[in-house]
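Engineer: The structure follows.
Read-outs throughout are calculated quantities, based only on the coordinates presented, and are distinct from any laboratory measurement. All figures in this text were calculated on a predicted structure; none of them were measured in a lab. Note that each Cβ is placed from the backbone with ideal geometry, even for glycine, and that neighbours are counted across all protein chains shown.
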Amino acid sequence: MKNIQFSIDINASKEKVWKTLWEDATFRDWANIIDEGMYLKGDLKEGNEIQFISSVNGYGVTSLVEKYSPNEFALFRHNADTQESGEQERENEWTGGTESYALTEKDGTTTLTVKTDIPLEQEETFNTRIPKALERLKTLAEKK
């Protein structure tokens, strides 16, 4: 696994950016760039397990919501790689990795920093897709 990090400045409040990150319709919109058909299953609360799943191929991860501070920070620990829309485990590609989203706001501009562990063989893909997804998130948050 390799940890990668990206940041983007968004001309919107932390609350607006947070809502755009995690509201179902907007999550599906920006996350679709990272993994086609991506959606979130479960309740975003600290200590809960959630699943990130692709509706296209049914692959995803089951993750523990390790830290969750609305409008500020979320940390997920990937506990199991899944298939069949989260119903069955598959080989561990993402298991043990973490993914975090941190927001800071200054003068009406929110900086979103995303840190994630990725499999080494997927580094090039995610170095391309994550910045595009964050640009889409920025567009969504700034127009809402």
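Engineer: Which of these values of semi-axes √(5λ) of the Cα gyration tensor in Å was calculated from the structure shown: (1) 27, 16, 15; (2) 24, 16, 15; (3) 20, 19, 14?
Structural biologist: (2)
Engineer: Distance from the Cα centre of the range 110-142 to that of the range 21-44, in angstrom?
Structural biologist: Their Cα centres are 13 Å away from one another.
Engineer: How far is it, in nm, from the label point at T109 to the one at K2 when both lie 7 Å from their Cα along the line to the Cβ?
Structural biologist: So the label points at T109 and K2 sit 2.9 nm apart.
Engineer: Then there's this: Along Cα→Cβ, 7 Å out, is where each label goes; now give me the distance between the ones at E91 and K132 in nm to one decimal.
Structural biologist: 2.5
Engineer: Moving to a separate point now. At 0.36 nm per residue, and after removing the present C-alpha to C-alpha distance, how many nm does the segment from S13 to K45 gain when stretched out fully?
Structural biologist: Extending this stretch completely gives an extra 9.4 nm.
Engineer: OK, next. What's the FRET efficiency of K67 with K143 using the Cβ-Cβ distance as r and R₀ = 22 Å, to the nearest 0.05?
Structural biologist: 0.15
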